[in-house]
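Report on the following structure.
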Amino acid sequence: MLEISDLDVHYDSVHAVRSLSLSVGAGEIVALLGNNGAGKTTTLSAISGLVRPSGGKVLLEGEDITGRPAHKITSRGLVHCPEGRRIFSTLTVHDNLLLGGYLLRDQAELHKRTDRVYDLLPRLAERRAQQGGTLSGGEQQMLAIGRALVTGPRLLLLDEPSMGLAPLVVAQVMDLIADINAAGTAVLLVEQNATAALKIAHRGYVLDSGQSTLSGTADSLRSDPRVIEAYLGGA
Ligand code: ATP
């Protein structure tokens with residue numbers, strides 16, 4: 001589904017991603033873990049066309065999409081749900097969802113997709129006329145993910161969906177991601193909450209200073225002493 005090889009990203013003199021190679025297979029949830037500033041967001045932005053890599057290749061279903069404009073990449077089924085939710089706080093829940101379908105001309109298909117999101121997230125259905133900014137943090141995160149789903153992703157890039165949420169709500173968001181994946185969407189999941197991410201991921205990579213320092217199955221990462229020490233609170 002997604003193959004990245006030798007990816008480099010520079011911001012002027014900052015070398016944010018260094019020779020990174022990773023893959024996401026069809027049907028997989030792959031976690032990208034690492035501390036603040038490790039290069040996780042930059043990696044997602046380089047994949048989805050928001051920043052231009054200075055080296056390496058990004059292949060989506062075998063096609064080279066390196067450095068293509070973001071809207072072209074989105075129309076190929078790769079949807080990036082950025083950090084911090086970025087919903088439109090003065091628009092209703094329903095209008096926020098409709099914005100996810102901005103590339104879609106077929107109105108009947110758009111309504112089918114919003115209905116599917118409401119089936120998956122009944123809390124949003126109950127609040128469809130409510131302003132986005134008045135939702136709770138967890139509901140806003142669900143709305144951001146719901147809006148990404150309306151775009152019709154085959155591969156979903158999620159940046160820190162657990163950020164700022166209470167543990168119970170984090171678990172609900174992770175369940176939602178697992179459900180989306182079970183319905184056929186591959187997921188690349190950036191998380192600082194390694195415990196939550198490794199519960200639902202199949203595989204993972206650990207980034208440190210822009211480089212992948214460890215990778216493997218979620219089980220192998222969960223039991224790796226280096227991961228336990230650095231990312232699982234030494235538990
Ligand atoms: P966090 O978990 O804190 O979001 P991250 O792993 O997502 O961190 P990035 O946001 O990708 O890390 O940042 C990687 C490095 O690139 C950091 O040193 C950061 O300061 C730098 N960086 C990110 N965006 C820019 C930018 N627009 N201009 C200059 N430097 C940047």
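Before we move on, is G210 at pLDDT below 90 and small (G, A, S)? Give the derivation first.
Working: at pLDDT below 90: no; small (G, A, S): yes.
No; evaluated as a whole, the condition is false for this residue.
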* Structure fact -> Filtering segment 2-38 down to residues that are modelled with pLDDT of 95 or more and at positive phi yields D6, S19
* Find the residue count for segment 4-15, including only residues that are open to solvent by 60 Å² or more (accessible area, probe 1.4 Å), within 15 Å of the ligand (Cβ to nearest atom) and either outside any loop (DSSP other than H, G, I, E, B) or in contact with a Pro (Cβ under 7 Å, 6 or more places away or on another chain) (or both). => 3
* **Top-ranked residue in segment 16-39 [being surrounded by fewer than 16 Cβ atoms within 10 Å (Cβ to Cβ) and within 11 Å of the ligand (Cβ to nearest atom); ranked as farthest from V51 (Cα to Cα)]** => N35
* Asked: Among (1) among the β-branched types (V, I, T); (2) part of a helix (DSSP H, G or I); (3) within 16 Å of the ligand (Cβ to nearest atom), which single condition is I73 missing?
  -> (3)
* Asked: Between a first residue in segment 25-50 that is in a loop (DSSP other than H, G, I, E, B) and a second residue that is polar (S, T, N, Q) and near the ligand (Cβ under 7 Å from one of its atoms), which pairs have beta carbons less than 8 Å apart while being 6 or more apart in sequence or on different chains?
  -> G34/Q192; N35/Q192; N36/Q192
* Structure fact -> Given (1) within 16 Å of the ligand (Cβ to nearest atom); (2) open to solvent by 40 Å² or more (accessible area, probe 1.4 Å); (3) over 30 Å from Q130 (Cα atoms), A46 misses just (2)
* Asked: What tally of residues in segment 91-120 results from selecting those that are open to solvent by 20 Å² or more (accessible area, probe 1.4 Å) and within 23 Å of M174 (Cα to Cα)?
  -> 6
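Yes or no, residue by residue, for (1) within 19 Å of V79 (Cα to Cα); (2) in contact (Cβ under 8 Å) with a residue 60 or more places away in the chain; (3) touching a strand residue (DSSP E or B) at 6+ places or on another chain (Cβ under 6 Å):
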site: L103; (1), (2), (3): yes, no, no
site: H111; (1), (2), (3): yes, no, no
site: V117; (1), (2), (3): yes, no, no
site: R128; (1), (2), (3): no, no, no
site: G133; (1), (2), (3): no, no, no
site: G137; (1), (2), (3): no, no, no
site: Q141; (1), (2), (3): yes, no, no
site: L156; (1), (2), (3): yes, yes, yes
site: A166; (1), (2), (3): no, no, no
* From the list V58, V51, which residue is within 12 Å of the ligand (Cβ to nearest atom), farther than 25 Å from G146 by Cβ and surrounded by 20 or more Cβ atoms within 10 Å (Cβ to Cβ)? -> V51
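The values are calculated or read from the model by the stated rules, or taken from the named source; none is laboratory data. Computed from a prediction, not measured in an experiment: that's the story for all the values here. Glycine also receives a Cβ, built like all others from the backbone with ideal geometry; neighbour counts cover every protein chain displayed. Accessible surface is based on the protein model in full, side chains and every heavy atom, while ligands, DNA and RNA are left aside. Shrake-Rupley method; radii C 1.70, N 1.55, O 1.52, S 1.80 Å.
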